[in-house]
């Protein structure tokens, strides 16, 4: 099986990036990270990439006159490297229509809630404020909406009576580190098919 070529976009510490790297290096995930790109030059995710010999690209959004200019440069970088899949891993910018159109159904994201509940920022705080008994994370395809694309897989965690935003976030993050490599592996194995709003997972060979 050919390795799935991926590009990872990060804005911060890159713990989900590390989970992907670890899965690749252990042989569990048949993929290769072509590059890691960050909109923030001081993102620790870039340091993680360099440590593992992965091309690390700083694309400081503050140096561009508009979001459109930033996205054009990002799109050029990605097209030059031709990834099969783009993984958003703590990437805190809304992906523009040009990028989505160029890589339709080839961009995925992980969100710390059970979508469609609690999209956007502060999902764990939203869950606690609402009083839900179960939360978790969602790996989904990216479309033009905010956290609205078809769901690939979800992992759940119980919400405990004494949970804080920090404790719930930490427990969800542990599941994220399992869910993201798992979803990428399903795509690498050709087992993911989008039918309208639904993602069908076929049986492995």
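Take residue 25 and tell me if it is over 13 Å from residue 184 (Cβ atoms), at pLDDT 95 or above, more than 17 Å from the chain's Cα centre (by Cα) and surrounded by 13 or more Cβ atoms within 10 Å (Cβ to Cβ). No, not satisfied.
Go through region 93-103 and count every residue that is out of contact with any strand residue (DSSP E or B) (no Cβ under 9 Å at 6 or more places or on another chain) and in a loop (DSSP other than H, G, I, E, B). Adding up the residues that qualify gives 2.
Of the residues 163, 147, only one is on the phi > 0 side of the Ramachandran plot, assigned to a loop (DSSP other than H, G, I, E, B), touching a residue at least 12 places away in the same chain (Cβ under 8 Å) and crowded, with 16+ Cβ neighbours inside 10 Å; which? Walk me through how you get there before you give the answer.
Values: 163 fails: on the phi > 0 side of the Ramachandran plot.
Step by step, each of 163, 147 is checked, and only 147 is on the phi > 0 side of the Ramachandran plot, assigned to a loop (DSSP other than H, G, I, E, B), touching a residue at least 12 places away in the same chain (Cβ under 8 Å) and crowded, with 16+ Cβ neighbours inside 10 Å.
Inspection of region 184-202 identifies at least one residue that is in a loop (DSSP other than H, G, I, E, B), touching a strand residue (DSSP E or B) at 6+ places or on another chain (Cβ under 9 Å), without any contact (Cβ under 8 Å) to a residue 24 or more places away in the chain and over 21 Å from residue 5 (Cβ atoms). Of everything listed in (1) assigned to a strand (DSSP E or B); (2) over 19 Å from residue 180 (Cα atoms), the single unmet condition for residue 125 is (1).
Any residue that is farther than 24 Å from residue 5 by Cα, surrounded by fewer than 16 Cβ atoms within 10 Å (Cβ to Cβ) and modelled with pLDDT of 95 or more - is there at least one of those in region 85-102? Before you say what the answer is, go through the steps one by one.
Looking only at region 85-102, we keep the residues that are farther than 24 Å from residue 5 by Cα, and these are none.
Among the residues of region 85-102, not one is farther than 24 Å from residue 5 by Cα, surrounded by fewer than 16 Cβ atoms within 10 Å (Cβ to Cβ) and modelled with pLDDT of 95 or more, which makes the answer no.
The values are calculated or read from the model by the stated rules, or taken from the named source; none is laboratory data. This structure is a prediction, so every number in the text was calculated from the model and none was measured. Every residue, glycine as well, gets a Cβ built from its backbone with ideal geometry; the counts of neighbours run over all protein chains shown.
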